[in-house]
Structure formats: structure tokens, C-alpha cells
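Down below is the structure, laid out as C-alpha cells.
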Amino acid sequence: MTMVQGSTTGRVSRAPSWVPVGAWGFGLVAVGLGAAAIVAVQADTLSQALGAVSVAVGLGGLGWGATTLYLDRTPTPRAAVAALFVGMGVAIALLSTGPGRASILAVALLLGLGVAVACGILRGTRHPSPRSSLWGLIGAAALVTLVVVPALGACQGAALLDADGTVLPVVTHDGH
């Protein structure tokens, strides 16, 4: 096989090692936003539909991140970036739904993760990174955890808001 000057045939796209972990964070926040939109106290049909799309994109992000680590390369980089932008668009749309049950903090963190992961994917297509390192993955996991945990808490809080802005109590069934 001969390679044409400037052709990318034969090049492996490999994003930096933090990108799959960032995709997991994006996926977890997207699933959290979607689930909150589906089960929110005053969820309407539009917010439930957007929530279902957000859950699907989030699950796709989780699967894509796992596949990336398994293959040790970046599969379908263009489709992955497109899915990130779909997820970011759905998150922004959730802010404008009637019940308005999306957390601004969670959406902002999702947008930040989405842009970072998209930039990492695009960088990997132009300049393939060396193989993943364990310490890079551990550092990425720690950083993503610091971002994702507050976002997931904000998703739950947004789902429990009543129409007047008060938070509905979570009823426990202690002793039953």
C-alpha cells in the first residue's frame, strides 16, 4: 500500500488518555440530567422526550469511553464529537423546558466536559497521543470525579423542585 503525501490513511487516531474518562463524566452528567427531566415533579412531554435523548446520549458516551480504552484508539471520532454536540444541545434545551427542571450548574459542567472531550478527540485525530498511562487515567478519574459528583447532586435537587421553588422532601420509610 502506498501512502499519498498528506493522506491520513493508515494513521491511528488516539486521543489523550484523559478523554475516555472525560467521556464517562459527560455520560454520567447527561444521564443524570435526562433522568431528572423524566422523573421531575412537573415533567411535561417535551422535557421527558429531551430527557430520554439525554439518557441515550449519556449511555452512548459511557460506552464510547469504555470502547476507547479497550481498543486503545479513538473509534469514530467524528460521530463522537457530533454526539457530544447533540448532548450539549439537549442539555441547553432542557434549561428552556416548561418545568425548567435542569440544573444550571449541571448543564454548565456538562458543557465544560463536552467541549474538553471534543477538543481532546480532535487533537487525537491530528496528533495521535502515545498509549495510555495508568497515572494519566488516575489523574483524569480524580478530576472528573470532582466535577461530576456536584453535578449529579444538582440534578437531583432540580428534579425535586416544586412549582413554587420549594424543594419537596424525600420521604423515607424508616421502620416499614
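Every number in this text was worked out from the coordinates using simple rules, so none of it is lab data. What you see is a predicted model, and the numbers here were worked out from it, not measured in a lab. Here Cβ is always computed from backbone atoms with ideal geometry, including for glycine, and neighbour counts include all displayed protein chains.
Table for the structure above
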| quantity | calculated |
| --- | --- |
| Paramagnetic label zone (point 7 Å from Cα along Cα-to-C-beta, Val39; backbone N under 16 Å) in the stretch 56-92 | 56 |
| Gain on full stretching of the segment that runs from Ala66 to Leu105 - 0.36 nm per residue minus C-alpha separation | 11.4 nm |
